[in-house]
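The values are calculated or read from the model by the stated rules, or taken from the named source; none is laboratory data. Everything numeric in this text was worked out from a predicted model, so none of it was measured. A quick note on method: Cβ atoms are made from the backbone with ideal geometry, for glycine too, and the neighbour counts reach across all protein chains shown.
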Amino acid sequence: MAENLMIRISVKAICDKKAQREKIAVLTAYDFPFARMFDTAGVDMVLVGDSLGMVVLGHQSTVPVTMRDMLHHTRAASRAVKHALVVADMPFGSYETPERALRNALRLIKEAGADAVKLEGGRAVEKQVARLVKAGIPVMGHIGMTPQTASGLGGYKVQGRDPKQAAQILADAKCLDGLGVFAMVLECVPSALAAKITRQVKCPTIGIGAGSGTDGQVLVMHDMLGIESGVRPRFVRRYAELEKTISRAAQDYIRDVRSGKFPSKAESFE
Ligand code: KIV
């Protein structure tokens, strides 16, 4: 294991990467083995995203995800991580008021082992973000296409194409930055807007479908590993084809069981 993988990365170290022009690599993970593999590979942050509602739990959106789901999966992922910063998503309905946000963020940190929390929205969640930051909780913002309120945005669509909407997203970014978020996700916004925000905010920006001008990138693990989730957004690059590999392995196993080839003598006890 490389030297720096032995040390737990801090929020400050993540922030410093922006000044050092070092790109930040983030992947989602929702359980122990994947969090362990990504951590050992050297990701800077493991995001226990509420995307788990869709890619793990089979929901149609992230809306049904509960605090119980997030606590359960964050516990599993955080047990595995030795180096990366573990960021847990606050699910829909868990941060409507500053006090509720504080109570639930503290649960994710104290009970489930998260280092930081992420919540969606800009100026609309100003009071919640301010409350968490005041309590010393590292907060990651998430603006642009916000899946928890995607329906109100017209679905999973690029946001900020027209100048008025772009100005609103920029104002949201500046608001979050001013409140003291340590980083923010920019999801599905035009590259030029993401680059402009990245230049104008102090904190690192983490893009997903936001081009190459952000300070870092995040992908949902199932998308980048080629495990089908029903959609294949254009911004995803596939680094593996696990759905095919796993299906083939399962088929080979079924064939061997049915033909009596498995188990062999060597795989059995005398
Ligand atoms: O829930 C999630 O996985 C996310 C990422 C897509 C940024 O919020």
Hits in region 161-198 - residues which are under 21 Å from the mean Cα position of the chain (by Cα) and in a loop (DSSP other than H, G, I, E, B): Gly180, Val181, Phe182, Cys188, Val189, Pro190
Unmet criterion (only one of (1) assigned to a helix (DSSP H, G or I); (2) touching a strand residue (DSSP E or B) at 6+ places or on another chain (Cβ under 9 Å)) for Gly152: (2)
Test: residue in region 139-151 that is within 15 Å of the ligand (Cβ to nearest atom), over 17 Å from the mean Cα position of the chain (by Cα) and at pLDDT 95 or above: no
Subset of region 136-149 [surrounded by 14 or more Cβ atoms within 10 Å (Cβ to Cβ) and either of a type in the set (A, V, I, L, M, F, W, C) or not in a helix (DSSP H, G or I) (or both)]: Ile137, Pro138, Val139, Met140, Gly141, His142, Ile143, Gly144, Met145, Thr146
Residue check, Arg237 assigned to a loop (DSSP other than H, G, I, E, B), within 16 Å of the ligand (Cβ to nearest atom), closer than 22 Å to Leu186 by Cβ and free of Cβ contacts under 8 Å to residues at least 12 places away in the same chain: no
Qualifying positions in region 14-47 - among the hydrophobic types (A, V, I, L, M, F, W, C), out of contact with any strand residue (DSSP E or B) (no Cβ under 7 Å at 6 or more places or on another chain) and touching a residue at least 24 places away in the same chain (Cβ under 8 Å): Cys15, Phe32, Phe34
Selection from region 178-232 of residues that are polar (S, T, N, Q) and within 13 Å of Lys18 (Cα to Cα): Thr198, Gln200, Thr205, Thr214, Gln217
Extreme residue, farthest from the ligand (Cβ to nearest atom), among residues of region 110-128 that are part of a loop (DSSP other than H, G, I, E, B) and closer than 25 Å to Leu153 by Cβ: Gly122
Filtered residue count, region 192-214, keeping only those that are within 15 Å of the ligand (Cβ to nearest atom) and out of contact with any helix residue (DSSP H, G or I) (no Cβ under 8 Å at 6 or more places or on another chain): 4
